[in-house]
Amino acid sequence: MVTEPAATHDLEPDGTLASVSLEHPWVEPPAPGAVVDVAPGIAWLRMPLPFQLNHINLWLLEDGRGVTVVDTGVGLDDTRALWERVFAGPLRGRPITRVLATHFHPDHMGNAGWLTERWRTDLWCTQAEWLYAQYARRAGDAADAEPRAAHYRRHGCAEAALALMARRGNPYPTLVPTVAPAYRRIRDADALAIGGRRWEVLTVLGHAPEHACLWCRELGVLISGDQVLPKITTNVSVWPEEPHANPLRLYLDSLERFRPMPPETLVLPSHGLPFRGLHARLGSLRDHHDARLAEALDALVEPLSAADLVPTLFRRELDDHQLVFALGESLAHLRLLESDGRVARAVGKDGVHRFRKA
């Protein structure tokens, strides 16, 4: 279960950051509590995160007498204090008339319950993301912890690392203190009228169960959430509750949903700077994962578990938080290779799943 945002740098085989030609119309983010207009009726707001990935971009869409908020930040006091500054400053008392969450991860859903209650308005999101938010808040007792530990143990995670994970527990309820008790469901191909403009919903897979992106043809603007980021790659992991999933295949297939959009599309991502160069970025994301798949396959000179593969794909020291995501992503690459028939898995006498070239 994903409980915190995570992403991995686009690394070349030698460990350097991959580069792709993107145009960034703004080279600096908004100051805390301030907004920057990025298109007619769209303002950019940035909130802090208490992780290595230290920020999230939020989007304010003019919507009649008020504003639609896209994503909300984590539900911590400092973030809510910044929201209060925004209410009093840039919004000048105008109400939040709709809260839209792209997906359930805490940097996106964290203040959705608080904002909807404060402004007596509705949460709009896909069904799977609302259900996963409810599940993530409740998945904290021993009955949930043991199946998760068994998943990581069977993929080669050492007992010391498992103990660290157990001590961390489930941070989701801290970062998402409440989840809206009801919501308005959005689905793929829905058209939302926001501020007199038509926004089309695209649901995409791999990073989250039913991640929603928003596309405005009139403005040539894509709110991409975590699915397409300019400088880092979104985390794509196999999680304990769905151990046979093939999320990397789902993610790569979902990238094709953006191909018909014009090259000059302005992309508003959840992390990093807004950019133009969507098609180039889609190509670099696919190249990145192709390179990772090749690295994983080359590493299998002997049978390896997903944990054994982590140092090959992540050439830096990882803390316990990062290790969970790195292990999930390593397994996602192995799972795609397995589904393509390029590797096979065997279960050892120790119960560990190891993969070898087919």
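The values are calculated or read from the model by the stated rules, or taken from the named source; none is laboratory data. Quick caveat: nothing in here was measured; it's all calculated off a predicted structure. In this analysis, Cβ positions are derived from the backbone assuming ideal geometry, glycine residues included, and neighbour counts consider all displayed protein chains. Calculation scope for accessible area: heavy atoms of the full protein, side chains included, ligands and nucleic acids excluded. Shrake-Rupley method; radii C 1.70, N 1.55, O 1.52, S 1.80 Å.
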Item to check | Tail fraction, Cα-Cα pairs, region 257-358, threshold 25 Å, whole percent | outcome: 36 percent
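What does the helix-only formula give at 222 nm for the chain: each DSSP H stretch with n ≥ 4 adding -39500 (n - 2.57), the total divided by the residues, and the result rounded to the nearest 500 deg cm²/dmol?
Mean residue ellipticity, 222 nm, calculated: -10500 deg cm²/dmol.
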Item to check | Share antiparallel - DSSP beta bridges, the chain, percent rounded to 5 | outcome: 75 percent
Next on the checklist: I need the calculated FRET efficiency for the pair residue 356 and residue 120, taking r as the beta carbon distance and R₀ as 51 Å, to the nearest 0.05.
Outcome noted: 0.30
Checklist entry - Under DSSP H, which helices of the chain have Cα atoms covering 27 Å or more of the helix axis and a Kyte-Doolittle average no less than 0.0? => result 320-339
Checklist entry - So how far apart, in nm, are the two label points at residue 217 and residue 94 if each is 7 Å from Cα heading toward Cβ? => result 2.6 nm
Checklist entry - If you roll a 1.4 Å probe over the chain with all protein chains in place, what percent of the accessible area is carbon or sulfur? => result 52 percent
Checklist outcome for this item: Under the 7 Å Cα-to-Cβ spin-label approximation, residue 344 and residue 142 lie apart by a distance in nanometres of 4.1 nm
Checklist outcome for this item: Quarter of the surface of the C-alpha convex hull for the chain, i.e. direction-averaged projected area in nm², equals 17.2 nm²
Checklist entry - Put 154, 292 in order of accessible area, largest first, 1.4 Å probe: what do you get? => result 154, 292
Next on the checklist: If packing is taken as the average number of other Cβ atoms within 10 Å across a peptide's residues, how do 57-63, 72-78 rank, most packed first?
Outcome noted: 57-63, 72-78
Checklist entry - Using θ = phi - 60° and the Karplus curve 6.51 cos²θ - 1.76 cosθ + 1.60, what whole-Hz ³J(HN,Hα) does each residue of region 24-40 get, with Gly and Pro shown as x? => result 10, x, 10, 9, 10, x, x, 5, x, x, 10, 10, 10, 6, 10, 6, x
Checklist entry - Once the Cβ-Cβ distance between residue 187 and residue 301 is put in as r, and R0 is 30 Å, what FRET efficiency do you end up with, to the nearest 0.05? => result 0.05
Checklist entry - Along the positive direction of the dipole of region 244-358 (beta-carbon charges: Lys, Arg +1; Asp, Glu -1; about the Cα centre), which of 325, 307, 250 reaches farthest? => result 250
Next on the checklist: Over region 157-277, with the other protein chains present, what is the accessible area per residue in square angstrom, probe 1.4 angstrom?
Outcome noted: 39 Å²
Checklist entry - Any idea which of 212, 175, 268 is furthest toward the positive side of the dipole for region 151-300, if Lys and Arg beta-carbons carry +1 and Asp and Glu beta-carbons -1? => result 175
Next on the checklist: For a quick check of your reading of the filter: which trypsin sites (Lys or Arg not before Pro) in region 56-129 sit in a DSSP loop and have no more than 16 other Cβ atoms within 10 Å?
Outcome noted: 65, 92, 120
